[in-house]
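A short write-up of the structure that comes next.
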Amino acid sequence: MSWETRAANNLLPLSWDKGSLSQALREWRYTGDYHDLEAPSANCELCDHPDIRYQFEIRNLHTAARLLIGSECIHRFGIAATDEEGRTLDTLATRKKVDRDRRQLVEDARRRRLVSALVALANVEPISMFIPL
């Protein structure tokens, strides 16, 4: 089954316009809400792609339904984003917003790994090693 067929099967039941995938996609917006699962453990709720770590929320303008999907599906399916005032962004601005949000998720994950490593090191090494006598 193609990614387009899987997307239609997942999206159309939650959409107001059930005529075609392209029509239904116009009802959905990337909200700017995203999550790091810290491990690639979920499936994209749009195309069923496995092993998603970073989830991006899209919502339907008419039904208030939501899906947690991968960032690539926002680009692939042309889902528009909204800005902080609720205005719909064009394709380029949407791409920039999604890419900026993904970079933020990756950077936050790097920081968490660094802090975890430093905490683990502090628990292994005696504290006097870090304090000059």
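The values are calculated or read from the model by the stated rules, or taken from the named source; none is laboratory data. Predicted model, so just to flag it, every value in this text is computed and none were measured. Cβ atoms come from the backbone with ideal geometry, glycine included; neighbour counts cover every protein chain shown.
For the range 64-93, give me each residue that is at pLDDT below 95 and closer than 19 Å to P13 by Cα.
The one that is at pLDDT below 95 and closer than 19 Å to P13 by Cα: A64.
Find the residue count for the range 27-59, including only residues that are without any contact (Cβ under 8 Å) to a residue 40 or more places away in the chain and basic (K, R).
Residues that pass the stated criteria total 2.
Could you pull out the residue among D108, D48 that is modelled with pLDDT under 95 and either part of a helix (DSSP H, G or I) or under 19 Å from L21 (Cα atoms) (or both)?
Going through D108, D48 in turn, the sole match is D108.
Given the conditions (1) touching a residue at least 60 places away in the same chain (Cβ under 8 Å); (2) assigned to a helix (DSSP H, G or I), and given that Q23 satisfies all but one, which numbered condition is not satisfied?
(1)
Out of the residues in the range 54-73 meeting the condition of being of a type in the set (S, T, N, Q) and over 12 Å from the mean Cα position of the chain (by Cα), tell me which one is farthest from T88 (Cα to Cα).
My answer is T63.
How many of the residues in the range 43-60 are among the charged types (D, E, K, R) and either exposed (fewer than 14 other Cβ atoms within 10 Å of the Cβ) or over 21 Å from D108 (Cβ atoms) (or both)?
So the answer is 4.
Give me the pairs: first residue in the range 66-89 and under 16 Å from R6 (Cβ atoms), second residue part of a loop (DSSP other than H, G, I, E, B) and modelled with pLDDT under 95, beta-carbon distance under 6 Å, and six or more apart or on different chains, which are they?
Listed by first residue and then by second, the contacts come to nothing, as the list is empty.
So that you can scan it fast, the table gives a plain yes or no per residue for (1) surrounded by 14 or more Cβ atoms within 10 Å (Cβ to Cβ); (2) in contact with a strand residue (DSSP E or B) (Cβ under 9 Å, 6 or more places away or on another chain):
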{"site": "M1", "(1), (2)": "no, no"}
{"site": "E4", "(1), (2)": "no, no"}
{"site": "A8", "(1), (2)": "yes, no"}
{"site": "S15", "(1), (2)": "yes, yes"}
{"site": "K18", "(1), (2)": "no, no"}
{"site": "D33", "(1), (2)": "no, yes"}
{"site": "S41", "(1), (2)": "no, yes"}
